Structure formats: C-alpha cells, structure tokens
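Accompanying notes for the structure given below.
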Amino acid sequence: MSSNLPFSIIESKYEISTLPTGTVVDISKYLGLLDKISLCSAIPGWKWLLLTPRVQKEFQRRITEWTWADKRLCETVFKSQKPSVDDLCDMVRYQHLQSESFSKRCPQTDGTILRCLVLGPAVDRPGIMSGFYGNLVNLVDVQDERQVFSNPPGSISNGIPIRIASKTESGSYDILMDVLTLHARVKSRRAIETSRIHDSFIINEGNLSEKAYSMVKSSDIVLYFVTTQTDQADWSEIRFELSRISQTLSSDQTLYIIGVCDEDTESGNYFSKVVEIARNLNVADCDTLKQSNDCWRIWVLKRRGFDCINLAEIFQWASYDCTSTRDSITQNSSMFSFLYDLIISPFKRH
C-alpha cells in the first residue's frame, strides 16, 4: 500500500537525514574515513558523527602516519591552537588527493637525470647520516652508462649516480639522479664546530658563499637534513641558512627539509615530528621559506637501525614535485603564448 503513496510523502517520512543516531553510527562502521567525510559533507545534519570519539581516533590514526607536510598543510595546522573538524576534513582530503596524484603520475621515460644536492646540520653531524649514505650506496646505478654529473660549479667531486625503481598506475620506470653533498666545513672540524653561519663553506658574510650559491643554483632538488633534537639556538642559525637557500632557488627547483631522529622511528607519531620541525622553522610566518613557487615539503626520515625505510619514497616524491612544477611552468608559458598570439598579435600587425 505504501508503494502507492506520492513520492513527496515517502521522501518526507523516510528522509535519510532524520535517521536515528544509532542507525547512523551503525552505517558509519562500514565506511572508511574519507567516505565518512564525504557523507557528512553531503548530509550536514550528520556532521556530529565526525566529533564522536571513535571517528576522532580515526582522524588521529590517519594523520599520525603522515611523514610529510607542505605549505598548505602547515597553514592549516598553525592557523589555530587546535584544528577544527573542518580543518581535519580538509587536511585528510588534501593529503589523499596529493597521494592519489602521486600514484597516478606519468612515468618518466626520457632519461632525464635530476641533480640532487644534500646538505644541512645533520649532514655535518658525525654518525647521524651513516644510515642515509649506507642506503644510498644500495641505490647506486651499477649499470650506469650515462654521463655522470661531473664537476658542477662549486663542486670538488662528481655526483653519486643512483637509479630508483618507481611504479605508478601508468607503468614502471627508473628515476635517475646524481646526488652531491655539500658540507659546511672539513671533516676534522665538524665534531667541534657546529655553527651554520660562522666560518662555514656555505654562509659567507651573511649570504651564501660563491661555492654554495653555484651548487644550489645548479641543482634540481635540494635536500636539507636537520635533526629533531636540535637546540633552539641552533634553530635560529638553521632558519637563517635556509632563508638564504630558499631565496636562491628558482621557481622550477624543489626544496625538502628532512628531519632525522636519533632513535628508531619505524613506528610512532611521524606527523608530530614534521609539525615540530615546521614550528621550529617558523614556517607559519613564511620568513624562512620564501620560494616563489612554494615547492617545498618537510619530511621525517623513518629509521630502523641503520635502514632508512622511506628514503626511496622521498626521492620518488622529490622527482614528482620537480617534474610537476616544471610541467606547470611549461603549461603556463604555453597558455601565455597562446593568449598573446590570440589577443596581442593581431593588434601589432595593424
């Protein structure tokens, strides 16, 4: 009999937004976090579901596993003392879209060799980076037949050629990189002199030295390593050094700040370490990282003993960011040329 009722009556009687609270909770148990967010966006009356302890724990579990943050995530984290549920939803959706775009990236098959510069206080701290370089050796391209990135400006050695197997939804390919290290001082002085801005190969009279400037400018990717146990006085010098590096970078270069922990970080709250680094860098004020294209991320290096678990992933993301930025610049340039030819050129011919 009810099947013969007008649709409007059925709709008003069985409107989904008026379902009992217990029914809504039962439905949500079969949904992932992203599905819950989408559902509550479609039905605002169910937004209370996102504030329940169980779903809040889902947010916490999801976010603590993140190993990076970019400008947008940092802005959301630092805009208030505690992110609102809307902020949490925005962060989860954004991080998911970024990861999805990364997984769908187009394979690089043109043999492009990316030049990667490694520097930072962790690089000059004895012992802390031994795991990194040990893992880097495992990535060395033993079948390399290409021209190594030899003697870049300001360099005293060749880069280490590495090959990283990468897989996307579009196919598999290899990322080719040359990795070069820039130390702040000679090995015999690194343990006793730790200043980043005094008597350093990198900073000279308040600016990048000629050697550091040349090496930064000639790199596609800059990896700046810090330790999460750094004292506040040292963070001041790190902010100064990073500000000079970021001001030197052009719009088609990529900067990663990578936090290295003294202890194993195979499990734990990775994102809290990322946020700690971002807070110490004062990225909310945008004074330290002044890149025009804002192509930077803050990472935490996951460690298990001497193994750097996500090192290959960091290189893959760096390659993705670098090529994506350049593709965007090329597309913008092409669009400008198209509009110029369409709008300006006809007037110039008359």
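The values are calculated or read from the model by the stated rules, or taken from the named source; none is laboratory data. Small disclaimer: the values here were computed from a predicted structure and weren't measured. All Cβ positions, even for glycine, are placed from backbone atoms using ideal geometry, and neighbour counts span all protein chains on display.
A Cβ distance below 6 Å, combined with a sequence gap of six or more or placement on separate chains, defines the contacts here; from segment 35-63, residues that are more than 22 Å from LEU19 (Cα to Cα) reach residues that are in a helix (DSSP H, G or I) in the pairs GLU58/LEU33; PHE59/LEU88; ARG62/LEU33; ILE63/PHE271. Comparison of ASP199, ASP174, ASP178 shows that the only residue that is in contact with a strand residue (DSSP E or B) (Cβ under 6 Å, 6 or more places away or on another chain) and without any contact (Cβ under 8 Å) to a residue 24 or more places away in the chain is ASP174. Consider segment 131-171 and keep the residues that are among the charged types (D, E, K, R) and more than 23 Å from the chain's Cα centre (by Cα). The one that is modelled with the lowest pLDDT is ARG146.
Within segment 205-239, being farther than 26 Å from ILE113 by Cβ, surrounded by 16 or more Cβ atoms within 10 Å (Cβ to Cβ) and not basic (Lys, Arg) holds for VAL226, THR227, THR228, THR230, ASP234, TRP235, GLU237, ILE238. Might you check whether a residue that is farther than 25 Å from THR67 by Cβ and modelled with pLDDT under 65 occurs anywhere in segment 285-294? The answer is yes; a qualifying residue exists. Of the residues making up segment 59-75, those that are buried (at least 18 other Cβ atoms within 10 Å of the Cβ) and over 17 Å from LEU255 (Cβ atoms) are PHE59, ARG62, ILE63, TRP66.
Every condition in (1) within 30 Å of TRP317 (Cα to Cα); (2) free of Cβ contacts under 8 Å to residues at least 60 places away in the same chain is met by SER219 except one, and the failing one is (2).
To keep it simple, each residue is scored yes or no on (1) among the β-branched types (Val, Ile, Thr); (2) in contact with a Phe, Trp or Tyr (Cβ under 7 Å, 6 or more places away or on another chain).
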residue: ILE164; (1), (2): yes, yes
residue: THR168; (1), (2): yes, no
residue: SER195; (1), (2): no, no
residue: PHE201; (1), (2): no, no
residue: MET215; (1), (2): no, no
residue: ASP220; (1), (2): no, no
residue: ARG239; (1), (2): no, no
residue: SER251; (1), (2): no, no
residue: CYS261; (1), (2): no, no
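Taking the criterion of being under 18 Å from PHE315 (Cβ atoms) and in a loop (DSSP other than H, G, I, E, B), the only residue of segment 168-191 that qualifies is LEU182.
Could you check, for segment 160-168, whether at least one of its residues is surrounded by 16 or more Cβ atoms within 10 Å (Cβ to Cβ), out of contact with any Cys (no Cβ under 9 Å at 6 or more places or on another chain) and small (Gly, Ala, Ser)? There is at least one residue in segment 160-168 that is surrounded by 16 or more Cβ atoms within 10 Å (Cβ to Cβ), out of contact with any Cys (no Cβ under 9 Å at 6 or more places or on another chain) and small (Gly, Ala, Ser). Among the residues making up segment 208-238, those that are within 24 Å of TRP66 (Cβ to Cβ) and either at pLDDT 95 or above or of a type in the set (A, V, I, L, M, F, W, C) (or both) are ILE221, VAL222, LEU223, TYR224, PHE225, VAL226, TRP235, ILE238.
Taking segment 91-120 as the range and being assigned to a helix (DSSP H, G or I) and either over 17 Å from the mean Cα position of the chain (by Cα) or not acidic (Asp, Glu) (or both) as the test, the residues that pass are MET91, VAL92, ARG93, TYR94, GLN95, HIS96, LEU97, GLN98, SER99, SER101, PHE102, SER103. Any residue that is among the aromatic types (Phe, Trp, Tyr) and crowded, with 16+ Cβ neighbours inside 10 Å - is there at least one of those in segment 83-104? No, there is no match, as no residue in segment 83-104 is among the aromatic types (Phe, Trp, Tyr) and crowded, with 16+ Cβ neighbours inside 10 Å.
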